[in-house]
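Working notes, structure below.
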Amino acid sequence: MNFIKQFFLHPTEVGSLIPSSKTLSKSIVSTSNLKTKKCVVELGTGNGVVTQEIIKNLPSEAIFFGIEINKKFVEETKKNCPNTNIYHGSAIDLKKYLKNNHFEYSDCIISELPWGAFNNKLQDELLEAIYNSLAKKGDFITISFAQSMLFSPSKRFSQLIKKKFDKVEKTPIIWKNFPPAFIYHCIK
């Protein structure tokens, strides 16, 4: 799978030229405290690098599924993570996918969506879908690339989550990723 090709073909769907690093993947999972979760959803699975780390750390009784809008990435994630439910669709339809899995809410939503590539309307719609699908005291984990904070869409997203969630924490920059990134940990 050529991540670079998908980045240039679908710039509003793919946030990076290369997949997340192992260091970033492990940081996302450790921030998520997966051992206590019952229903975990991943938005924007890419090629499944983070998905693999999530699966390794889930309790055996937990329900997990991913949603990916890019068809090539759906295929790649399914290849890298056999026996895992990966839906080809939009995170805006999160409630539908939760219902398909017999849940009303998720207690942990992990997102690798490229928030800085989205216009205001799409940011609002996606964040509303996520918030409405998250259980009370649930965790919303998402990444942002350090350099994206220089641009309005990422600054706007940072303000949106601070207004919407009861608590928002930001990790230090993870330099062992290209591009360097940090993680937002939001609690409803």
Handout entry: Number of positions in region 61-117 that are in a helix (DSSP H, G or I) and polar (S, T, N, Q)
Key = 3
Handout entry: Looking only at region 121-147, and only at residues there that are among the aromatic types (Phe, Trp, Tyr) and part of a strand (DSSP E or B), the one that is farthest from Val41 (Cα to Cα)
Key = Phe145
Exercise for the section: Filter region 81-109 down to residues that are farther than 22 Å from Lys35 by Cβ and polar (S, T, N, Q), then give me how many there are. Expected result: 2
Fill in the blank from the handout: Scanning region 148-170 for residues that are surrounded by fewer than 17 Cβ atoms within 10 Å (Cβ to Cβ), at pLDDT 95 or above and not in a helix (DSSP H, G or I) gives Asp166, Lys167, Val168, Glu169, Lys170
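Here's the yes/no breakdown for (1) surrounded by 22 or more Cβ atoms within 10 Å (Cβ to Cβ); (2) among the charged types (D, E, K, R):
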| site | (1), (2) |
| --- | --- |
| Tyr97 | no, no |
| Phe103 | no, no |
| Ile109 | yes, no |
| Ala117 | no, no |
| Lys121 | no, yes |
| Leu127 | yes, no |
| Ile130 | yes, no |
| Leu134 | yes, no |
Exercise for the section: Determine if region 123-133 includes at least one residue that is out of contact with any strand residue (DSSP E or B) (no Cβ under 7 Å at 6 or more places or on another chain) and of a type in the set (Ser, Thr, Tyr). Expected result: yes
Practice task
Return yes or no: is Phe182 among the aromatic types (Phe, Trp, Tyr), assigned to a strand (DSSP E or B) and surrounded by 14 or more Cβ atoms within 10 Å (Cβ to Cβ)?
Solution key: yes
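The values are calculated or read from the model by the stated rules, or taken from the named source; none is laboratory data. Please read these numbers as outputs of a predicted model, since none were measured by experiment. Positions of Cβ are generated from backbone atoms using ideal geometry, with glycine treated the same way; all protein chains shown enter the neighbour counts.
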